[in-house]
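Structure first, then comments.
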Amino acid sequence: MDFPQERPFVIAGPCSAESRSQVLEAAAAVKAAGVRYFRAGLWKPRTHPGGFEGLGAEGLPLLADVRRLYGLSVCTEVASAAHVKACLDAGVDMVWIGARTSGNPFLVQEIADTLSGADIPVLVKNPISPDAGLWAGAIERLRLSGVSKVGAVLRGCPVPGGEKYRNQPYWSLSIELRTRFQDIPILADPSHMAGDRAYVRELSQRALDLGLDGLMIESHPEPEKALSDASQQLSPQQLRDLLEGLSLPAATSADGDYLQAIDRLRARIDLIDENLLALLRERSDASIAIGRYKKEHGVSILQPGRWETVLGNMLERADALGLSRELIKEVMNAIHADSVRLQER
Ligand code: PEP
Ligand code: MN
């Protein structure tokens, strides 16, 4: 198969294939929701040992049944050459590389080598660490091995201490990926971002608003009884409601007023960005001057107390200005890291 042109491109199904009846019920629900691509994990990467680790290759005939009985295209996660071989032999339509694998160039390479020439689409989830380069590298590796149908899935990354979601979405990673690869489908996985079914809708809509191409959603006939990721899977009814309620923004509008207004707003943004650059130049000069001064006086570059105070003050100001703490933390950490680098020269 090829990646579909339809938008949104939706893949749905349970976190794990658990039994024949569970897989077939899940597939019936996916089909009833109007979805044409079915997911089910067979080899499950679990955080702790002792959890349900999937049916493995024994689940492959169940996926074949889903294709035969419901006409759905089927996909599953692969993490090794052996998984890929088994999937190709079983006629699986599409595979994805999970977050614990996509950041490992050795594994990605062996998967790429095994997929080479097979012509099935592959989706690459973002690695556990928010590193757009590592994510892009996995995609490049597949393409260089002759895997031509490669797409991506943003599933977010865990943050220390945890926040509202199981994984912070890191939408910016998908934007960085889009600038590197204009032509690949980029989906979101709101289920693994959320960790809780209550947040799947808001994350799904956000993904579409940001222009992502589709969604991979976990759905189980009886989510509370699921053997993995029970709290984030949607029931069949919830899956239907979610998909009915999503709205797809138009890529653009031909309306004259819209085009004029958007040009003005973009000019304003361009000007603000220019000013930001000028300020960053000024800040870098100040950092270099501080670095020299510290060196002259034999003082160490890193002054942790000082940095904590700066960041604390900035976060307080961010609150007062109604800016997101997450954004300011990310921006200030990047600026600080660069400042340390400049002072080391
Ligand atoms: C999954 O899709 O079930 C899964 C394990 O995903 P991730 O690799 O994003 O954690
Ligand atoms: Mn899962």
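A few points about this structure:
- Choice from Glu218, Glu308, Glu202 showing the highest fluctuation, given a GNM over the chain with Cα pairs closer than 10 Å: Glu308
- Helix axis angle, 20-32 relative to the chain longest principal axis, alpha carbon, degrees: 70
- Net charge dipole size for the chain [Lys, Arg +1 and Asp, Glu -1 on Cβ; Debye, nearest 20]: 520
- Between segment 1-38 and segment 230-258, the Cα center-to-center distance that results, in Å: 17
- Long-range amide H partners of Ala188 with built H, under 5 Å: Leu154, Gly214, Leu215, Met216
- Shape of the chain, Cα gyration tensor, a/c cut at 1.5: prolate
- Alpha-carbon centroids, segment 163-205 and segment 320-336: separation in whole Å: 20
- A simple rule links phi to the HN-Hα coupling: the Karplus curve 6.51 cos²θ - 1.76 cosθ + 1.60 with θ = phi - 60°, which for segment 4-16 gives x, 8, 4, 10, x, 8, 10, 10, 9, x, x, 3, 10 Hz, with x for Gly and Pro.
- The order of Leu271, Leu315, going from fewest to most other C-beta atoms within 10 Å of their C-beta, is Leu271, Leu315.
- Rounded Å value of the spacing that divides the Cα centres of segment 273-296 and segment 46-62: 53
- Residues Asp196, Asp273 arranged by fewest to most Cβ contacts within 10 Å: Asp273, Asp196
- Between the helical axis of 256-296 and the longest alpha-carbon principal axis of the chain there is an angle of about 60 degrees.
- Choice from Lys125, Lys225, Lys149 showing the highest fluctuation, given a GNM over the chain with Cα pairs closer than 10 Å: Lys225
- Using a Förster distance of 22 Å, the FRET efficiency for Ala278-Ile175 (Cβ separation, nearest 0.05): 0.40
- Degrees, to the nearest 10: 60-70 long Cα axis against longest axis of the chain: 80
- Full extension of the chain segment joining Asp255 with Lys85 gains 56.1 nm, where the gain is 0.36 nm per residue of separation less the Cα-Cα distance.
- Asn313 paired with Arg264, simple spin-label distance in nm, labels 7 Å along Cα-to-beta-carbon: 3.7
- Karplus 3J(HN,Hα) series, Hz, for segment 170-181 with 6.51 cos²θ - 1.76 cosθ + 1.60 (x for Gly, Pro): 6, 4, 4, 4, 6, 5, 4, 5, 4, 5, 7, 10
- Shape category assigned to segment 188-345 from the gyration tensor of Cα positions, a/c cut at 1.5: oblate
- Rounded, prolate or oblate (a/c below 1.5 giving rounded, otherwise prolate when a/b exceeds b/c) for segment 256-343 by Cα gyration tensor: oblate
- Applying 1/(1 + (r/R0)^6) with r as the Cβ-Cβ distance of Glu330 and Ser116 and R0 = 41 angstrom yields a FRET efficiency of 0.65.
- ³J(HN,Hα) computed for each position of segment 146-155 - Karplus, 6.51 cos²θ - 1.76 cosθ + 1.60, integer Hz, glycine/proline x: x, 8, 8, 9, 10, x, 9, 10, 7, 10
Each reported figure results from applying straightforward, stated rules to the coordinates on display, with no laboratory input. On a predicted model such as this, the values are computed, not experimentally measured, just so you know. Note that we place each Cβ from the backbone using ideal geometry, even for glycine, and neighbour counts take in every protein chain shown.
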